[in-house]
Amino acid sequence: MTLRIDVITLFPDLFPGPLAASIPGRAIQRGLVRLTAHDLRAWGLGRHRAVDDYPYGGGAGMVLRPEPIAAALAEAAGERAVRILLDPGGRVLDQGLARRLATAEQLVLVCPRYEGVDHRVRSMVDMELSIGDYVLSGGELPALVLIDAVIRLLPGAIGEAASLEESFTAGVLEYPQYTRPAEFGGAAVPPVLLSGHHGEVARWRREQALERTRRDRPDLLADRDPPTDP
Ligand code: 9D3
């Protein structure tokens, strides 16, 4: 099954951008996902294809008008599409939500620019999503982040072993990884990794991952589902 992703943006040239490389690039090439960027200006108003205007009540900057976005959504979004407005005030994207979005048939992403969109656009979408609490210049980078997070969850996007490991270790930080050389600048690779004892390696990695999580991201452990009984 192919996931359709349609992006509505004033800067369609930003797509696929970094998604052309590596894992998402291969997923696009293999047809796991069909990514289309639509130029919002195609639905602009009048001879100048206007998409924005001054805010009622005054204030700095310009606001995206609702009509071009409504027309773009009517054309790009199918019956079962999940319509998403990228917005700094939206729910912050996490791995659980990315997993849910990866099961959709179609995602339609609306990217704001300038001071954002007319408030009435919010009633045209199913959800408003942010990628974190910092201010960017528009919704395109957040859309690329969201698409990357979703694509790698599509069946066949990454190897089965990597996929299993990723879901098995979800909710804790990674264990420390090493490759050659066995000693670098006085720092040795932990001997257990060279021991060939797979059971001990697995236990060491679990302990290290939990320890790192407790120290650096205790919030992740608090949010985690309790372990299930075997
Ligand atoms: C005047 C108030 N500003 C909100 C903090 C207006 C505004 C600033 C920047 C409106 C939109 C933007 C552009 N940002 C996004 O479109 C955006 C975003 C972000 O800036 N940070 C994190 N996630 C996202 S999702 C979309």
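The values are calculated or read from the model by the stated rules, or taken from the named source; none is laboratory data. On a predicted model such as this, the values are computed, not experimentally measured, just so you know. When we count neighbours, we look across all protein chains shown, and the Cβ atoms used for this are built from the backbone with ideal geometry, even at glycine. Note: accessible area is taken over every heavy atom of the protein model, side chains too, but ligands, DNA and RNA are not part of it. Shrake-Rupley method; radii C 1.70, N 1.55, O 1.52, S 1.80 Å.
Describe numerically, in nm with one decimal, the distance between label points set 7 Å from Cα along Cα→Cβ at Arg215 and at Leu97.
Between Arg215 and Leu97, the simple spin-label model gives 3.1 nm.
Once you've got the GNM for the chain with C-alpha springs shorter than 10 Å, pick whichever of Val82, Val150, Val192 has the biggest mean-square fluctuation.
Ranking Val82, Val150, Val192 by mean-square fluctuation puts Val192 first.
Can you tell me, using C-alpha contacts under 8 Å and at least 6 residues apart, the relative contact order of the range 3-151 as a whole percent? Could you put the intermediate results ahead of the total?
Numbers: 270 pairs, mean separation 44.3, N = 149.
Dividing the mean separation by the residue count of the range 3-151 yields 30 percent.
What is the dipole size for the chain, taken about its Cα centre, with +1 at each Lys and Arg Cβ and -1 at each Asp and Glu Cβ, in debye to the nearest 20? Don't skip to the end; give the middle numbers.
On the way: 26 positive and 31 negative charges, 68 e Å.
So the magnitude is around 320 debye.
In the range 111-140, which GluC sites (Glu not before Pro) are in a loop and have at most 14 other Cβ atoms within 10 Å, using DSSP for the loop call? Walk me through the numbers before you get to the answer.
Details: sites: Glu115, Glu128, Glu140; in loops: Glu115.
When the GluC sites (Glu not before Pro) of the range 111-140 are filtered for loop state and at most 14 Cβ neighbours within 10 Å, Glu115 remain.
Based only on the alpha carbon positions, what is the Kirkwood hydrodynamic radius of the range 53-174, in angstrom?
On the way: mean 1/r = 0.0629 Å⁻¹.
Kirkwood radius, the range 53-174: 15.9 Å.
Just in the range 14-60: which trypsin sites (Lys or Arg not before Pro) are loop by DSSP and have at most 13 other Cβ atoms within 10 Å?
Working: sites: Arg26, Arg30, Arg34, Arg41, Arg47, Arg49; in loops: Arg30, Arg47, Arg49.
Of the trypsin sites (Lys or Arg not before Pro), the ones in loops of the range 14-60 whose Cβ has at most 13 other Cβ atoms within 10 Å are Arg30, Arg47, Arg49.
Would you compute the Debye intensity of the range 1-70 from its alpha-carbon atoms alone, equal scatterers and no solvent, and pass along log10 I(q)/I(0) at q = 0.19 Å⁻¹ to two decimals?
-0.80
For the range 116-124, in order, what is each residue's ³J(HN,Hα) by Karplus, 6.51 cos²θ - 1.76 cosθ + 1.60 with θ = phi - 60°, in whole Hz (x at glycine and Pro)?
Once rounded to whole Hz, the list reads x, 10, 3, 3, 5, 5, 4, 6, 8.
Hey, what's the chain come to in accessible area per residue, 1.4 Å probe, Å²? Spell out each step's value before the answer.
Working: 14330 Å² over 230 residues.
On a per-residue basis, 62 Å².
Using helices alone, what [θ] at 222 nm do you get for the chain, with -39,500 (n - 2.57) per DSSP H run of 4 or more residues, divided over all residues and rounded to the nearest 500? Mind dumping the intermediate values first?
Details: 7 runs with 72 residues, N = 230.
Result for the chain, helices only: -9500 deg cm²/dmol.
When the chain is modelled as a GNM with alpha-carbon springs shorter than 10 Å, which of Phe11, Phe184, Phe168 fluctuates the most?
Result for the chain, Cα springs under 10 Å: Phe184 fluctuates most.
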